[in-house]
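See below for the structure under consideration.
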Protein chains: 2
Amino acid sequence: MTTLLELEQRRPARADARRNYDSLIAAARIAFAELGSGAPLEEIARRANVGIATLYRNFPTREMLVECVYLEEVEAVCQAATDVADLEPWTALTTWLGRFVDYVGTKRALVDALNRESTALQACRVGLVEAGGPLLARAQNAGLVRSDVGVSEVMQIVSGISGVNFASVELRDKVLGVALDGLRVRPTGQ
Amino acid sequence: MTTLLELEQRRPARADARRNYDSLIAAARIAFAELGSGAPLEEIARRANVGIATLYRNFPTREMLVECVYLEEVEAVCQAATDVADLEPWTALTTWLGRFVDYVGTKRALVDALNRESTALQACRVGLVEAGGPLLARAQNAGLVRSDVGVSEVMQIVSGISGVNFASVELRDKVLGVALDGLRVRPTGQ
DNA sequence: CGAATAAGTGGAGGATGCCTCCGTTTAAGA
DNA sequence: TCTTAAACGGAGGCATCCTCCACTTATTCG
């Protein structure tokens, strides 16, 4: 996954500029959490003690800012894929997916963005697919999951359902469980 | 389903007002289709040859306008539930859900709105639940679908996945098919 | 160290869209 | 026809977006 590299490349070279860049990301993270992904950009610039022009120079579009804010957090979710390596194949898969759901549940912005066409978020998706691949493959090799689905299909099911407004976490998990059951191999045909 | 009644009640009494109301809905339908659900309200008023205040008087919030535009179309989807009555239980259910998916696929605005809290769209949901209820019950009575899910859970799976951006309709239908497979009764336990 | 310079900065200001307020118009009933 | 309550339109205040350009400063090199 080259994402963090790309991120690093985008980071400006000059010391003061780099400080502003980091300050903007930090301010944006907080503002998005407090005000949602529609938080006024000028407010974010203000919180970062930076002119609005500096924000726009670093992040020409709002989407790009959202991306950069969440990229490293997605990285953490990817990392979590290795933490479940010693669980049963099916449990490992669903546990990891649960981790993903918990994460995106708190950041609707990301889910919205994940849907749209977006160069850098594409890398995000690639990272998730790479992280989840082994987990899915293991469950498939164990004969637990139908072999005709890929990680991206699974992620589509999960992220789609995660985007719905549920009355409770329990309900969300129940619905997710039902849908994920569709992944399992059928004892009898059809 | 009282939805259309409510809609009728909201329609103004005076002839000129009623004309404006209808004109606004017609203009909004076109504008939403062309420009997405974020189409400028002043643009919609302009297209309807109506002042912006008239738009706001009839539809105090943007959401309310979206609702009214799509309500009657949702009605049609509900109607479609009776058209599949003579198919096999499972086929009837999935065919109807497919009809729903085709519909919402073209109107992202509705899916967005369907998620949020919204008084009148609540009625929408109620309508869909009432329409789909018999189809689901039939499949459950035939022993094809697990008995511990309700229509709203099914709709949540379907509308959630419909909200994802798929590369193709075929892919979307495949993913939906996998998820809906989770509804089926398992020949053997676990 | 002290220019030179390229990189970076801030915020004014034009554009757009939201929504309200209020003076004016008009349909409907007597 | 007259009255009146309902409906109308658009000006204008406000928030946010985004660009432009005159000014500042970190870095480099003599």
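Tally time: how many residues in region B:124-147 are under 23 Å from B:Tyr70 (Cα atoms) and of a type in the set (Gly, Ala, Ser)? Final tally of qualifying residues: 4.
Annotation note: Cβ proximity below 6 Å between a residue of region A:42-71 that is more than 12 Å from DNA strand C (Cβ to nearest atom) and a residue that is modelled with pLDDT under 95 and of a type in the set (D, E, K, R) (sequence gap 6+ or interchain) occurs for A:Val69/A:Arg29. Take the residues of region B:160-174 that are exposed (fewer than 12 other Cβ atoms within 10 Å of the Cβ) and assigned to a helix (DSSP H, G or I): which is nearest to the other protein chains (Cβ to nearest Cβ)? The extreme case among them is B:Glu170.
Number of residues in region B:86-99 that are more than 14 Å from B:Glu130 (Cα to Cα) and either in contact with a Lys or Arg (Cβ under 9 Å, 6 or more places away or on another chain) or touching a residue at least 60 places away in the same chain (Cβ under 8 Å) (or both): the value is 5. Sort out which residues of region B:1-29 are away from DNA strand D (no atom under 12 Å from the Cβ), modelled with pLDDT of 95 or more and surrounded by fewer than 16 Cβ atoms within 10 Å (Cβ to Cβ), and write them in order of number. Matches in region B:1-29: B:Ala26 only.
Within region B:96-151, the residues that satisfy the criterion of being in a loop (DSSP other than H, G, I, E, B) and either away from every other protein chain (no Cβ under 14 Å) or at pLDDT 90 or above (or both) are B:Thr106, B:Lys107, B:Ala142, B:Gly143, B:Leu144, B:Arg146, B:Ser147, B:Asp148, B:Val149, B:Gly150.
Determine whether B:Thr82 is within 13 Å of DNA strand C (Cβ to nearest atom) and either surrounded by fewer than 19 Cβ atoms within 10 Å (Cβ to Cβ) or within 14 Å of chain A (Cβ to nearest Cβ) (or both). Spelling it out, it is not the case that B:Thr82 is within 13 Å of DNA strand C (Cβ to nearest atom) and either surrounded by fewer than 19 Cβ atoms within 10 Å (Cβ to Cβ) or within 14 Å of chain A (Cβ to nearest Cβ) (or both). Here B:Gly177 fulfils each of the conditions (1) surrounded by fewer than 19 Cβ atoms within 10 Å (Cβ to Cβ); (2) more than 9 Å from every other protein chain (Cβ to nearest Cβ) apart from (2). With respect to A:Gly177, determine if the residue is under 22 Å from A:Glu88 (Cβ atoms) and outside any helix (DSSP H, G or I). Answer is no for this residue.
Of the helices (runs of 4 or more DSSP H) contained entirely in region B:27-93, those carrying at least 3 residues that are closer than 30 Å to B:Gly182 by Cβ fall at B:62-83.
Is it true that B:Ser168 is touching a helix residue (DSSP H, G or I) at 6+ places or on another chain (Cβ under 6 Å) and more than 17 Å from B:Ala81 (Cα to Cα)?
Numbers: touching a helix residue (DSSP H, G or I) at 6+ places or on another chain (Cβ under 6 Å): no; more than 17 Å from B:Ala81 (Cα to Cα): yes.
Answer is no for this residue.
The values are calculated or read from the model by the stated rules, or taken from the named source; none is laboratory data. Worth saying up front: this structure is predicted, and the values here are computed from it rather than measured. With ideal geometry, Cβ positions are generated from the backbone for all residues, glycine too; neighbour counts draw on all protein chains shown.
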